[in-house]
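What follows is a short report on a single structure.
The values are calculated or read from the model by the stated rules, or taken from the named source; none is laboratory data. Worth saying up front: this structure is predicted, and the values here are computed from it rather than measured. Here the Cβ is made from the backbone with ideal geometry for all residues, glycine too, and neighbour counts use every protein chain on show.
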Amino acid sequence: MEQYQTQLDGIFQALADPTRRAVVGRLGRGPASVGELAAPFEMALPSFMKHIHVLEGAGLIRTSKAGRVRTCSIERARLAAVDSWLNEQRAIWEGRTDRLEQFVTQDKEQGK
């Protein structure tokens, strides 16, 4: 369980930055070169590469190099861990709101 939490911490920390979220969003449509990913951002390539390394370190993307071109692709399995955690949280909060709705409805019915 602790390893799972540590993985989630790293993933959410990596996704905390809007540039990195945009990169993950773009890679959701398919692999892209670092140059293609960096194009929309106003930053030097070495600065952009730091974002790539953070995403790669968190296991959200993988890179491969062919000649001088480094291509990035998304690691869907790692995103599945986030999806699983979000589903757990959704179930908890839906249960709480359902209980609150029952409490409020029951209270109104008893007050009539």
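If Arg26 meets every condition in (1) over 12 Å from the mean Cα position of the chain (by Cα); (2) surrounded by fewer than 15 Cβ atoms within 10 Å (Cβ to Cβ) apart from one, which number is that one?
(2)
Would you check if Ile92 is outside any strand (DSSP E or B) and surrounded by fewer than 13 Cβ atoms within 10 Å (Cβ to Cβ)?
Considered against the rule, which asks whether it is outside any strand (DSSP E or B) and surrounded by fewer than 13 Cβ atoms within 10 Å (Cβ to Cβ), Ile92 comes out as yes.
Consider Glu88 carefully, then state whether it is within 20 Å of the chain's Cα centre (by Cα) and without any contact (Cβ under 8 Å) to a residue 12 or more places away in the chain.
yes
Output the qualifying pairs, or none if there are none: Cβ atoms under 7 angstrom, residues six or more apart or on different chains, first residue in segment 36-64 and surrounded by 12 or more Cβ atoms within 10 Å (Cβ to Cβ), second residue at pLDDT below 95 and among the β-branched types (Val, Ile, Thr).
From segment 36-64, the pairs are Ala58/Ile11; Leu60/Ile11.
Going by the conditions given, is Arg70 out of contact with any His (no Cβ under 8 Å at 6 or more places or on another chain), without any contact (Cβ under 8 Å) to a residue 12 or more places away in the chain, of a type in the set (Lys, Arg) and surrounded by fewer than 16 Cβ atoms within 10 Å (Cβ to Cβ)?
no
Among the listed residues Glu42, Glu75, identify the single one that is over 13 Å from the mean Cα position of the chain (by Cα) and of a type outside the set (Phe, Trp, Tyr).
Only one candidate qualifies: Glu42.
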